[in-house]
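What follows is one structure encoded as structure tokens, with my remarks underneath.
Readers should treat all values here as calculations from the given coordinates under stated rules, not as data from a laboratory. As the structure is a prediction and not an experimental result, all values here were calculated from the model. In this analysis, Cβ positions are derived from the backbone assuming ideal geometry, glycine residues included, and neighbour counts consider all displayed protein chains.
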Amino acid sequence: MPAGKNNVCLVQVNYQYGNNVFLPHSVGLVQAYCKTIPEIEHNFEFLDFVYLRDDPDTVARDLDSPKIVGISCYLWNWEWSKALAKSVKTHHPECLVVLGGPQVPARPENFFYDHPYADLLVHYEGEVPFSEILLEFLKEQPDYRSVQGVSVRLEGNHCSLPTFRDTMRDLDAIPSPYLTGSFDYLLDEPYGFHATQETHRGCPYSCTFCDWGSAVFTKVRPYSDQRLEAELEWFGENKIELLYNCDANYGLLPRDLKLTKNLVATKERLGYPKQFRAAYAKNSNMKVFEIGKLLNDADMSKGVTLSFQSMDQNTLEVIKRSNIKIENFEELVQLYHQNDIPTYTEIIMGLPGETYESFVAGIEKLLDAGQHDGLNIYVCIVLLNSEMGDPAYIEKHGIKTVRTPALLQHSSSSQDPITECYDIVIETNCMSQSDFKRVFLFSWAVQAFHSLGLTQYLALFLHYQYGYSYKEFYQRLLKYAEDRPDTFLGRQFTRTVEGVEKAVKGGHWGVVEPRFGDIIWPIEEATFLNVACDKDSFYSAISKFMGGLVADNGWSTDETLLSQLLDYQKEMVRDPYAPERINLEVDYNFHEYFLSVLFGTEGRLEKRPSSLVLTPDSCYEGDLELFAKEVVWYGRKGGKFRHGTVTNSLASRA
């Protein structure tokens, strides 16, 4: 450290996925802005970023005489960040500990009583307040209450509440940490780096469950095109594998299509970034479709999210959200399908205003509209600074939550020294805890059996041939499994019931199956993997279920048709033991029929002898870990759970 300079350490940790880690973009912005101020450059030395989720006490002990430590806090690192702050105060008691980021409470009145190791809280955007904290630090008697947007720990751990600060209008006043070389020294580390990029700040929507960096219902402020294009060049030249866009609504601005074209051109020229992820504009439109097509054609994206969160009008009013019309959604789904672009629809269970009946009806609407493969249903996390996290909102809607370990799907199950936790809604004044469990079970059935393809063709067949609703199909399947606990299907049901019972009492939402590796799986994916390894047992139960369903409803279905439909359904599901070629002789045009149905066009099921050849993308020869990773972890988005290469020719029959 140069003589007389004060050491500053900036911290932003994320989880490591294999050998891949994220560059600490947020604190990079803070540092880059601070370095534009000569007085800070002259008086402070910035230590290396802390970005790996190592033991917090070791991290704190190893810091080189820090005078100020700034920690960027998120939902996924909040407990770790507080543990680090406490250890910093233990090992460096004179150090000024500053917490910032989206997880810092906007209602901090009692925060310092519980967390006396923290000195300051920075609310909302952090670049300017942190720079002013550094400047105030240089004074003989600093008074941090003069810094707008900062809460201060006072004597007795009382809190000086923050004064309001306007957001920055000119975001280009914050230099890019990529372009100023802030991260260059990290590129020699033995990791594959992922990067985040924001093209604008702000969000025009006001969804009550959301807290996008406390930017909900704020004016959208863009960075300049020149800056963003220069960053894309940096990502390409420095071989960034994954670029994660952190806008609230990518595709909202007219220029986003041009930016996407530049991104794709960068990959074509330099080979990187290889993958791109984004939260797309809420009310999807043709611009988002064009963006999705560009990325899909460049093999840079696993698809586009067409989110709803809820299909119930009362619930949408309660959470202050509006959706595109279902007719427009249906047209979009068909358009994406016709261009071979995967789509995903997100639904949240347990939202205030939702009932069991309205939730199930909403799932029926989405399936009716053609969203069969990409339905992702999540529990409702109450974010600390969202409107839903406000005590008055919680009381008004009778929200009850349980604190559970965070579901970090596909991460290692090995014990992290610090457990992150989420507050999950398990009851509202419209949905009892009992009904929440029913919603969870129905969601499990739809995702595991329909969206992951295990019974999708069977449900489609009954729906299009007899008008049988999807909700009736899966509610009946759940009852069938519940009544037969000693069967393979019944054991999957029982395990899910036990899982949700533990979760609503504070247990983990995820599942570990040792034979598929040291990985945490969402329950529906664990079910798929278990079925894929024992298809005979599963489809034996499903055959009896289908036979009973047909008989109970008085449908006159040819026994040969039903038997061959079950064979087709079973063989189309990939498994870890499949040979290089699967031959299937059937008397009906099942494959053409279901392709027509899934693509939203009219199809006719005809008695037309067919010889189907199913060619797996890969043969796993019983390697369960590799199968689980490639087909479910990497392949769920993209429909890898079923065979994609199927040839069909008329068979010669007497």
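Going from the fewest other Cβ atoms within 10 Å to the most, the residues Met168, Met300, Met388 appear in the order Met168, Met300, Met388. Full extension of the chain segment joining Ile326 with Asp536 gains 71.8 nm, where the gain is 0.36 nm per residue of separation less the Cα-Cα distance. Taking 4.7 Å between beta carbons as the limit, the unpaired Cys residues of the chain are Cys9, Cys34, Cys73, Cys95, Cys159, Cys203, Cys246, Cys380, Cys421, Cys430, Cys533, Cys619. Counting only DSSP beta bridges with both residues in the chain, the antiparallel share comes to about 45 percent.
Enter the Cα centre distance for the pair region 197-253 and region 290-343, rounded to the nearest angstrom. About 19 Å separates the Cα centre of region 197-253 from the one of region 290-343. Pairs exceeding a 22 Å alpha-carbon distance, out of Lys544/Lys570; Lys400/Lys505; Lys282/Lys502; Lys258/Lys302: Lys282/Lys502.
Near Pro204, once Lys and Arg are set to +1 and Asp and Glu to -1 for all other residues with Cβ below 10 Å from its Cβ, the sum equals +2. Per-residue ellipticity at 222 nm computed for the chain from its helices equals -11000 deg cm²/dmol, with DSSP H segments shorter than 4 residues left out and the rest contributing -39,500 (n - 2.57). In terms of its C-alpha gyration tensor, region 1-150 has a rounded overall shape, because the principal axis ratio a/c (a ≥ b ≥ c, square roots of the eigenvalues) stays below 1.5. Computed from backbone phi with θ = phi - 60° and the Karplus coefficients 6.51, -1.76 and 1.60, the 3J(HN,Hα) list for region 241-248 is 5, 10, 10, 10, 6, 10, 6, 6 Hz; x is used for glycine and proline. Given the choices [x] 1.00; [y] 1.02; [z] 0.98, Rg/Rh (Cα atoms, Kirkwood Rh) derived from the coordinates of this structure is entry [x]. Centre-to-centre, using Cα atoms only, region 4-55 and region 494-538 are separated by 39 Å. Sequentially through region 170-186, phi angles give Karplus couplings (6.51, -1.76, 1.60; θ = phi - 60°) of 9, 5, 6, 5, 9, x, 6, x, 5, 7, 8, x, 4, 9, 4, 5, 6 Hz, Gly and Pro residues having no value and appearing as x.
With 21 Å as the limit, the listed pairs Lys325/Lys396; Lys274/Lys629; Lys267/Lys640; Lys320/Lys437 have Lys325/Lys396; Lys267/Lys640; Lys320/Lys437 beyond it between alpha carbons. If you take the square roots of the eigenvalues of the alpha-carbon gyration tensor of region 148-300 and sort them as a ≥ b ≥ c, do you get rounded (a/c under 1.5), prolate (a/b over b/c) or oblate? Verdict is oblate for region 148-300. Rounded, prolate or oblate, given the Cα gyration tensor of region 287-347, with a/c below 1.5 counting as rounded? It is prolate, given that a/c is not under 1.5 and a/b is the larger ratio.
Each residue of region 198-211 was assigned a 3J(HN,Hα) from its phi angle through the Karplus curve 6.51 cos²θ - 1.76 cosθ + 1.60 (θ = phi - 60°); the sequence is 10, 9, 7, 10, x, 8, x, 9, 9, 4, 6, 7, 9, 8 Hz, with glycine and proline shown as x. Counting beta carbons within 10 Å around each of Asp247, Asp567, Asp62, Asp119 and listing the fewest first gives the order Asp62, Asp567, Asp119, Asp247. The ranking of Ile240, Ile418, Ile520 from fewest to most other beta carbons within 10 Å of each one's beta carbon is Ile418, Ile520, Ile240.
Counting lysine pairs in region 6-160 whose alpha carbons fall under 24 angstrom apart, excluding pairs fewer than 8 residues apart on the same chain, gives 7. For the chain, the Cβ-based charge dipole about the Cα centre amounts to some 820 debye (Lys, Arg positive; Asp, Glu negative; other atoms uncharged).
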